[in-house]
């Protein structure tokens, strides 16, 4: 297969789940007796990841990282009804579909990701959705990307990982594919976009 391929991140890229994430984190902090400061926490998870935040907390307070992550995920799933689409998400997915761009999802979100995509009416755009429940190592390890590249015989030179954090750009770099990112600056390996609508201007079909 030799065609343009989009592999999408979810949280902060196609879906706006930060309200649900922040509420779940607030409950998690309260449950384990941590001091919750919303502004710096939000800044950190946008720049890095929730997983990294919980790893740091576990180390600082001598808790099990697995225990913290399991509790957080349970609380986040309870708030999936608060998730909404990012601006221009559905229009951009349809634009790609109209141009025969094959689309996938690779996300740290858990098994509930498929239900969220269905509820938001965008599940039909994706050939496969890879989540944390798929068992691959967490980003920036490229294991999940390699799985998609190998299974579907994707052309690395025509495959783009689209995300909103440095972690996503690093994952693309580690996989040897191109990066499109809503936050990270332009570089030899990454193309920054202001919003999803501007992504369509990068391609001339």
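Restricting the search to the range 161-184, which residues are at pLDDT below 95, assigned to a loop (DSSP other than H, G, I, E, B) and more than 14 Å from residue 8 (Cβ to Cβ)?
Correct list: 183, 184.
Looking at the range 126-136, can you tell me whether even one residue there is touching a strand residue (DSSP E or B) at 6+ places or on another chain (Cβ under 6 Å), at pLDDT 95 or above and loosely packed, with under 15 Cβ neighbours inside 10 Å? Let's see the steps before the verdict.
Step one: of the range 126-136, the residues touching a strand residue (DSSP E or B) at 6+ places or on another chain (Cβ under 6 Å) are 126-130.
Right, trim to at pLDDT 95 or above and you get 126-130.
Then keep just the ones that are loosely packed, with under 15 Cβ neighbours inside 10 Å; that gives 127.
Yes, the range 126-136 contains a residue that is touching a strand residue (DSSP E or B) at 6+ places or on another chain (Cβ under 6 Å), at pLDDT 95 or above and loosely packed, with under 15 Cβ neighbours inside 10 Å.
Under 6 Å between Cβ atoms, at least 6 apart or on separate chains: pull out the pairs that start in the range 146-166 with a residue that is on the phi > 0 side of the Ramachandran plot and end on any residue that is at pLDDT below 95.
Final answer for the pair search is 153/1.
Look at residue 89 and say whether it is farther than 24 Å from residue 151 by Cβ, buried (at least 20 other Cβ atoms within 10 Å of the Cβ) and assigned by TED's automatic domain parsing to the domain that holds residue 156.
So residue 89 passes the test.
The values are calculated or read from the model by the stated rules, or taken from the named source; none is laboratory data. Predicted model only: the values in this text are computed from it and were never measured. Backbone-built Cβ (ideal geometry, glycine too); neighbour counts: all protein chains shown.
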